[in-house]
Amino acid sequence: PNSYPILPAPLAALYSGMLTKVGVYVLLRVFGTVLPHDLSGVHALLAWLAGATMIFGVLGALSRNFIRGILSYHILSQIGFMVLAIGFFTDFSFAASIFYIIHHIIVKASLFLIGGTAALLNRTDNLDRMGNLWRHAPGLGVLFLLQALSLAGLPPLSGFWGKYAILVEGLRLGEYVLVALALVASLLTLVSMLKIWNAAFWSGAEEREVCLWDWRWVRMNRVTTGMVLVSLAIGLGAEGVFRVAQRAATQARDPATYIGAVHAVVTKDASEGP
């Protein structure tokens, strides 16, 4: 979590959106194709570790006082949701994990861009020295609010549907404690995002400088707007996206299909030679 705040905003957005999902993809592949058996003890351990990760990450976010520091610790918490779904080890939970990955790639990357833009305007991302952004850049405030609420899981945004699918499957399996941990993590996520909103956007302290003359923030805002629109489309078209996630989950849990695809590639490469 301490590495992302020191990166330039575009790099932090790229890495937080894509690189952090590699480990989750590996888990999907390992438990879907390499270990597709009913290893209930291993799955339970994975689910409980995910629950602990959700709480640890969001508590770390609450303890930070820098926008990108808060967002960095949220990555840990949100990875916990994805892994929790894998730990439930059903076709539906795998689909929920994949849907949540799709949602999180867009939302987290856009939030880091928003955080970088806010830091550019206030010349800092220390919440104690930020403010006046809603007055001078209301569009940025709207973008942040939409993605913050999506990260927390409020309907009808994309984060709600991902969490809803995970929690419904948890309730169906009788994992009430893990579902409660997920709800607590979501509530604390909302609290920490409102902390950013109140300090950086809503606070109207006159001494807080807003450097609107630095036009780099306009270019960043255009990219962020596009990503927010994609996120809204995922939320409003959640049923279609979830069907795609279900097909991907079915393939991820079918060892024969994966082995056949890999074998075909290897055979083709061997026949073509060096």
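The values are calculated or read from the model by the stated rules, or taken from the named source; none is laboratory data. If you're wondering where the values come from, they're calculated on a predicted model, not measured in any experiment. Neighbour counts run over all protein chains shown; Cβ positions are idealised from the backbone, glycine included.
Take residue 46 and decide whether it is surrounded by 18 or more Cβ atoms within 10 Å (Cβ to Cβ), over 18 Å from the mean Cα position of the chain (by Cα) and farther than 15 Å from residue 165 by Cα. Don't jump to the end; show me each part of the working.
Numbers: surrounded by 18 or more Cβ atoms within 10 Å (Cβ to Cβ): yes; over 18 Å from the mean Cα position of the chain (by Cα): yes; farther than 15 Å from residue 165 by Cα: yes.
Yes; evaluated as a whole, the condition is true for this residue.
Just checking, which of 87, 57, 51 is more than 17 Å from the chain's Cα centre (by Cα) and surrounded by 18 or more Cβ atoms within 10 Å (Cβ to Cβ)? Even if it seems obvious, please write down each step before you answer.
Details: 57 fails: more than 17 Å from the chain's Cα centre (by Cα); 51 fails: more than 17 Å from the chain's Cα centre (by Cα).
Being more than 17 Å from the chain's Cα centre (by Cα) and surrounded by 18 or more Cβ atoms within 10 Å (Cβ to Cβ) holds for just one of 87, 57, 51, which is 87.
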Kindly indicate whether any position in segment 159-181 is part of a loop (DSSP other than H, G, I, E, B) and touching a helix residue (DSSP H, G or I) at 6+ places or on another chain (Cβ under 8 Å). yes
Based on this model, can you work out whether residue 99 counts as under 21 Å from residue 233 (Cβ atoms) and aromatic (Phe, Trp, Tyr)? yes
Report, by residue number, each residue of segment 125-134 that is in a helix (DSSP H, G or I) and surrounded by 15 or more Cβ atoms within 10 Å (Cβ to Cβ). 127, 129, 133, 134
Residue in segment 233-274 that is modelled with the lowest pLDDT, counting only those that are not in a helix (DSSP H, G or I) and not small (Gly, Ala, Ser): 274
Given the structure, is residue 124 under 15 Å from residue 20 (Cα atoms) and free of Cβ contacts under 8 Å to residues at least 40 places away in the same chain? no
How many of the residues making up segment 122-147 are more than 10 Å from residue 201 (Cβ to Cβ) and within 25 Å of the chain's Cα centre (by Cα)? 8
For segment 96-139, enumerate the residues that are touching an Asp or Glu at 6+ places or on another chain (Cβ under 7 Å) and either aromatic (Phe, Trp, Tyr) or closer than 29 Å to residue 162 by Cα (or both). 96, 115, 118
Could you please let me know if residue 63 is touching a helix residue (DSSP H, G or I) at 6+ places or on another chain (Cβ under 9 Å), of a type in the set (Ser, Thr, Tyr) and without any contact (Cβ under 8 Å) to a residue 12 or more places away in the chain? yes
